[in-house]
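Below: the structure, in structure tokens.
The values are calculated or read from the model by the stated rules, or taken from the named source; none is laboratory data. What you see is a predicted model, and the numbers here were worked out from it, not measured in a lab. Don't worry about glycine lacking a Cβ; one is built from the backbone with ideal geometry, like all the others, and counts go over all protein chains shown. Heavy atoms of the whole protein, side chains included, go into the accessibility calculation; ligands, DNA and RNA do not. Shrake-Rupley method; radii C 1.70, N 1.55, O 1.52, S 1.80 Å.
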Amino acid sequence: MASELHVDAIKHSGGTSAMTIDSSGRVLTPARPTFRARRINNLSLSGGNDTQNLIMNAVDFDVGSGYNTGTGVYTVPLGGIYFFFLNARFDDVASGGYSRAIIHNDKSGATSYTDLVNVLGSIVGSGMSDNYHTIQASGLLQCETNDTIKFLGGHNSDSSIYLQQESQCGGFLVG
């Protein structure tokens, strides 16, 4: 025998809406952790370092208040599986070498890209534009409450490049 639950909304004991189902069956979860941040101006990065902290200094939305525009770090407000993305554009890139974009769950304390369990990454090598590289990295990471997610990148050999204002990062709790 099947069970049925006939409700339009589920609310927290404080009255905050946790889930709403409309007449078409669409589910809205307005309290689900999610954010998107972006650069509103160019950021100068020191060269020869492909794992610099890429700080997005403007937040478009941040349910759960996890993204810090001063440090560029997202602190996971609720454990679960998250989808994260990073779109980084680097300008004034010299020919040769490579650019890298990395999303790193710092819970292990590792600072190396070789910790592939907690890293999502992408790399662009020589043969690309001699002036700019645009790189995307995205995927799923399993996170615990208070894990810190860092958005890293840069070029491995330039003395100075810029993270352009077209760059952005974000993420959301999948479940």
- [ ] Could you work out, for the range 62-105, what percent of all Cα-Cα pairs fall into each 5 Å distance bin, beginning at 0 Å and stopping at the bin that holds the largest distance?
- [x] 5, 14, 22, 22, 13, 10, 8, 5, 1
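Set the Förster radius R0 to 41 Å, insert the Cβ-Cβ distance between Q165 and I81 as r into 1/(1 + (r/R0)^6), and round the FRET efficiency to 0.05.
Working: r = 31 Å, r/R0 = 0.75.
Once rounded, the FRET efficiency stands at 0.85.
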- [ ] With r as the distance between the Cβ atoms of A2 and R38 and R0 = 41 Å, compute the FRET efficiency 1/(1 + (r/R0)^6) and round to 0.05.
- [x] 0.30
TODO: Name the long-range amide H neighbours of V73: under 5 Å, sequence gap of 5 or more, or other chain; modelled H, no Pro or chain starts.
DONE: N68
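Take the Cβ-Cβ distance between S46 and V73 as r, set R0 to 30 Å, and report the resulting FRET efficiency rounded to the nearest 0.05.
Working: r = 19 Å, r/R0 = 0.63.
Once rounded, the FRET efficiency stands at 0.95.
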- [ ] List, in order, the whole-Hz ³J(HN,Hα) value for each residue of the range 144-152 obtained from phi through the Karplus relation with A = 6.51, B = -1.76, C = 1.60 and θ = phi - 60°; use x for Gly and Pro.
- [x] 10, 3, 6, 4, 10, 9, 10, 10, 10
Open item on the list: Under the rule a/c < 1.5 gives rounded, and otherwise a/b versus b/c splits prolate from oblate, where does the range 132-175 land using the Cα gyration tensor?
Closed with: prolate
TODO: On each of the three principal axes of the Cα atoms of the range 1-103, give max minus min coordinate, whole Å, ordered largest first.
DONE: 66, 30, 24
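Going by accessible area, probe 1.4 Å, with all protein chains left in place, what is the ranking of Y98, Y132, largest first? Present the calculation step by step, with values, prior to reporting the outcome.
Numbers: Y98 65, Y132 100 Å².
My answer, sorted largest first, is Y132, Y98.
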